[in-house]
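The values are calculated or read from the model by the stated rules, or taken from the named source; none is laboratory data. In this text the structure is predicted, and so the values were computed from the model without any measurement. Backbone-built Cβ (ideal geometry, glycine too); neighbour counts: all protein chains shown.
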């Protein structure tokens, strides 16, 4: 029997890989999106028909956080996650044959800045600020409805490495001789950024902010693994066991592209650069140390446990 999979956010980096994997297994895919999809957001009847009788629903929809956190972008980051999640919840609640499994994207950024120990699902501490508020509100919208016929898993994903991911600009910096560590430091706060929760406080020194990641191939494999393990529901950390730090990461990136040296980027450089590029320093300066406790307890075997072979494999596959 052919699987029916509903995939929201199929045009993105992760969604495209999932779609290819499911189609390779003979599944029938129905996409939901803003444009070029089988069903558009806002079409309540169409979304309900799509999820009714489906074997799996995967929602990856949401505006990229790689942007400047001004008021308009903050609203859209929230809206694009909460509204789409609620639309799917309404559709599943109103379906005659609800899907047995719904996987919804979340983020490992939900945990606090951590330099002392890894954050797991059982012992992790929720952080504070704008990004954390997005994550907690997203999961609240996901788990809020009573959907007794549907198992739900929130995918608390770390930074996903692959061709087209956050790794691409790091590789480019290394090739240009700028592949040193990103160094935190003191920077003045404004009342507006403090009120919005978007100001990054100086904590990690010397490029020792932790970097948790997961290879794209593992994300795809974990989705299939979750289908086979009904004991897994609620939040699941989708992250490789081998967390590293920024200094070590950038040294590995330099080696992968054959550049032995790289200039470091100090906080003032990062603040000026991210303002020009319309992004945020938090994306590289927050210490994210997350561990895949539940996946490992369930027996998932990671394809890439350490960052160096993962990065070398990506560079070799892209031919760049």
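Restricting attention to the stretch 109-121, does a residue exist that is under 22 Å from residue 8 (Cβ atoms) and either surrounded by fewer than 20 Cβ atoms within 10 Å (Cβ to Cβ) or within 18 Å of the chain's Cα centre (by Cα) (or both)? There is at least one residue in the stretch 109-121 that is under 22 Å from residue 8 (Cβ atoms) and either surrounded by fewer than 20 Cβ atoms within 10 Å (Cβ to Cβ) or within 18 Å of the chain's Cα centre (by Cα) (or both). Give the residues of the stretch 129-158 that are under 12 Å from residue 216 (Cα atoms) and either out of contact with any helix residue (DSSP H, G or I) (no Cβ under 8 Å at 6 or more places or on another chain) or not in a strand (DSSP E or B) (or both), sorted by residue number. Hit for the stretch 129-158 is 158, nothing else. When 54, 89, 27 are checked against the criterion of being over 30 Å from residue 200 (Cβ atoms), surrounded by 14 or more Cβ atoms within 10 Å (Cβ to Cβ) and out of contact with any strand residue (DSSP E or B) (no Cβ under 7 Å at 6 or more places or on another chain), a single residue qualifies: 89.
Annotation: of all residues in the stretch 290-300 being surrounded by fewer than 17 Cβ atoms within 10 Å (Cβ to Cβ) and in contact with a helix residue (DSSP H, G or I) (Cβ under 9 Å, 6 or more places away or on another chain), the one that is nearest to residue 122 (Cα to Cα) is 298. Is there a residue in the stretch 178-192 that is surrounded by fewer than 16 Cβ atoms within 10 Å (Cβ to Cβ) and not in a loop (DSSP other than H, G, I, E, B)? Yes, the stretch 178-192 contains at least one residue that is surrounded by fewer than 16 Cβ atoms within 10 Å (Cβ to Cβ) and not in a loop (DSSP other than H, G, I, E, B).
Residues in the stretch 72-126 that are under 21 Å from residue 233 (Cβ atoms), part of a loop (DSSP other than H, G, I, E, B) and in contact with a helix residue (DSSP H, G or I) (Cβ under 7 Å, 6 or more places away or on another chain): 95, 98, 99, 120, 121, 122.
If I filter the stretch 222-231 for residues that are under 26 Å from residue 278 (Cβ atoms) and in a helix (DSSP H, G or I), do I get at least one hit? No, every residue in the stretch 222-231 fails to be under 26 Å from residue 278 (Cβ atoms) and in a helix (DSSP H, G or I). Restricting the stretch 122-131 to residues that are buried (at least 16 other Cβ atoms within 10 Å of the Cβ) and in contact (Cβ under 8 Å) with a residue 40 or more places away in the chain, the residue that is nearest to residue 256 (Cα to Cα) is 131. Of everything in the stretch 164-177 that is in a loop (DSSP other than H, G, I, E, B) and either surrounded by 16 or more Cβ atoms within 10 Å (Cβ to Cβ) or on the phi > 0 side of the Ramachandran plot (or both), the residue that is farthest from the chain's Cα centre (by Cα) is 177. Count of the stretch 62-71 residues, restricted to those that are under 30 Å from residue 148 (Cα atoms) and either assigned to a helix (DSSP H, G or I) or touching a residue at least 24 places away in the same chain (Cβ under 8 Å) (or both), is 1. Which condition does residue 213 not pass, out of (1) in contact (Cβ under 8 Å) with a residue 24 or more places away in the chain; (2) more than 21 Å from residue 116 (Cα to Cα), if it passes all the others? Here residue 213 clears every test but (2). For the stretch 8-33, residues that are within 20 Å of the chain's Cα centre (by Cα) and not in a helix (DSSP H, G or I) total 8.
Within the stretch 36-79, restricting attention to residues that are over 17 Å from the mean Cα position of the chain (by Cα) and on the phi > 0 side of the Ramachandran plot, the residue that is modelled with the lowest pLDDT is 36.
A Cβ distance below 9 Å, combined with a sequence gap of six or more or placement on separate chains, defines the contacts here; from the stretch 141-161, residues that are on the phi > 0 side of the Ramachandran plot and modelled with pLDDT of 95 or more reach no residue that is surrounded by fewer than 18 Cβ atoms within 10 Å (Cβ to Cβ) and part of a loop (DSSP other than H, G, I, E, B).
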